[in-house]
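Undergrad: Right, I'll just put the structure down here and ask away after.
Read the figures in this text as sums done on the coordinates, not as results from a lab. Source: prediction; values computed, not measured. Cβ coordinates were reconstructed from backbone atoms using ideal geometry, including for glycine residues, and neighbour counts include every protein chain displayed.
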Amino acid sequence: MENQPQNTSVKNVKHPFNKKVIVLAALVVITILVVSIVAVVMDKNNDSTQQTTVSTDNSPNSELVIVNEGFTPNTISVKPGTQIQFTNNSDGNIEIIQSPADELKLEEFDAEEVTTKGGSYAYIFEDEGTFNIQDKNDPVKFNAVVTVKEQTTEESTTQN
């Protein structure tokens, strides 16, 4: 029996460490997937729940503030003769223009200069109508609707 070669192959050796590693790796992958899915869902909810802010301002001066998410409020109603101040509190430069798609054009509206962070642009809205205001370089994200009209007697009685 001494001359018989020893069997050095390992066939039935159990490696519990390998199973633990596989289970741990699977848990890590599942955790990463769950966190990623939650992040995507939350991001989509933030985009879809972006609220439209409507402001009716009867003072001779109003303000639209530009933040990183867009104009706030993004819809405003004012009387003719109201000056609206556009103030840039975003992290970037904004070139405020009237939408080229508007049929009714504002006289000399477009701020041909770039409004830098902290800068502002003012315009007096004299003509009645609905005007789409936007950033020349990112009109989808940075846009607002300005409605200019005289207040009717029905509207003035409901606000009192």
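Undergrad: Report, in listed order, any pair from Lys79/Lys141; Lys79/Lys105; Lys105/Lys149; Lys105/Lys136 with a Cα-Cα distance greater than 23 Å.
TA: Cα-Cα > 23 Å for Lys79/Lys141; rest within.
Undergrad: Among the GluC sites (Glu not before Pro) in segment 60-104, which ones are in a DSSP loop with at most 11 other Cβ atoms within 10 Å of the Cβ? Mind listing them?
TA: Glu103
Undergrad: Please work out the FRET efficiency for the pair Asn18 and Val38, using the Cβ-Cβ distance as r and a Förster radius of 45 Å; give the result to the nearest 0.05.
TA: Calculated value: 0.90.
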